[in-house]
Amino acid sequence: MPNSFKITRKVVDYFSKYVDFINLNELEISDSESFKIRNVKTRNNRYYGAAGSQETAMKLLKYISKTNPNIKVHYCTCKLKDKVQLGERLKKRAVNTSKKFDIITYDGTLLRGAIYLEKPGFNYKKNLESVKNKDLILKRLISIREQMIKDYSIPKSLIEVDPHKLRIITNIGIVNMLVKDLKLKKLIPAIVEQYPTYDQMELK
């Protein structure tokens with residue numbers, strides 16, 4: 001809590017005999033009425049850490065380092081906590097939503113091979129919204145997938161048609177192995193990295 005140095009110091013003094021690590025978290029403001037009653041506000045309009053919380057934490061860090069130098073102490077800001085929590089949520093979602101052929105990265109993104117009918121430009125996602133002959137494109141993609149399964153003995157579970165982005169998705173190893181053949185057939189092979197979210201936002 002902001003301006004709680006004295007009372008928190010007493011808590012630290014009491015537990016210092018029993019612990020060897022202390023974690024301080026910056027107070028995060030919610031819409032709870034309790035914060036309004038206590039007149040606790042955010043640092044500014046763009047940040048939801050409580051005003052005065054970080055200053056109190058800095059005082060406690062200095063105090064602990066002087067009075068209990070053997071105790072390890074860590075201060076976690078709201079921004080850092082959110083970053084860590086977001087990463088963990090992505091990893092869990094990646095595990096739950098990944099295809100059999102996807103590779104899950106350390107950061108929780110998905111690596112997969114992709115095959116396009118035409119080179120996806122910068123506005124590819126936006127251009128998809130205005131595609132009029134989507135059914136014909138999907139039929140062609142389905143036909144290409146079936147032919148690839150037949151010609152290269154690819155297990156059906158390792159290659160799919162992506163109806164949302166109008167492409168074929170598969171394992172990166174398959175795409176790398178068939179790069180030359182795909183280009184000869186005027187197809188566009190690619191390796192994509194994307195978030196495990198519904199919109200499949202790509203990093204590269």
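The values are calculated or read from the model by the stated rules, or taken from the named source; none is laboratory data. Bear in mind the structure is a predicted one, so any value in this text is a computation, not a measurement. Cβ placement follows ideal geometry from the backbone for every residue including glycine, while neighbour counts extend to all protein chains displayed.
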* Structure fact -> Of the residues in the stretch 61-73, those that are assigned to a helix (DSSP H, G or I) and closer than 13 Å to Ser16 by Cα number 5
* Asked: Failed condition for Cys76, given (1) surrounded by 11 or more Cβ atoms within 10 Å (Cβ to Cβ); (2) more than 30 Å from Glu160 (Cβ to Cβ); (3) at pLDDT 80 or above, with all others met?
  -> (3)
* Structure fact -> Just one listed residue, out of Thr97, Thr42, Thr56, Thr67, is among the β-branched types (Val, Ile, Thr), crowded, with 17+ Cβ neighbours inside 10 Å and at pLDDT 75 or above, and it is Thr56
* Can you find even one residue in the stretch 135-142 that is more than 19 Å from Arg112 (Cβ to Cβ), in contact with a Leu (Cβ under 6 Å, 6 or more places away or on another chain) and surrounded by 13 or more Cβ atoms within 10 Å (Cβ to Cβ)? -> yes
* Somewhere in the stretch 161-178, is a residue of a type in the set (Ser, Thr, Tyr), surrounded by 12 or more Cβ atoms within 10 Å (Cβ to Cβ) and in the same structural domain as Ile104 (by TED's automatic domain parsing)? -> yes
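I'd like to check something: does the stretch 144-166 contain any residue that is acidic (Asp, Glu), under 28 Å from the mean Cα position of the chain (by Cα) and more than 25 Å from Leu182 (Cβ to Cβ)? Break it down into steps so the answer makes sense when it comes.
Kept after step one, since they are acidic (Asp, Glu), are these residues of the stretch 144-166: 146, 151, 160, 162.
Subsequent filtering for residues that are under 28 Å from the mean Cα position of the chain (by Cα) retains 160, 162.
Applying the additional criterion that residues be more than 25 Å from Leu182 (Cβ to Cβ) yields none.
Looking through the stretch 144-166, none of the residues is acidic (Asp, Glu), under 28 Å from the mean Cα position of the chain (by Cα) and more than 25 Å from Leu182 (Cβ to Cβ).
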* Asked: When residues of the stretch 110-123 are filtered for being surrounded by 12 or more Cβ atoms within 10 Å (Cβ to Cβ) and over 17 Å from Val175 (Cβ atoms), how many remain?
  -> 0
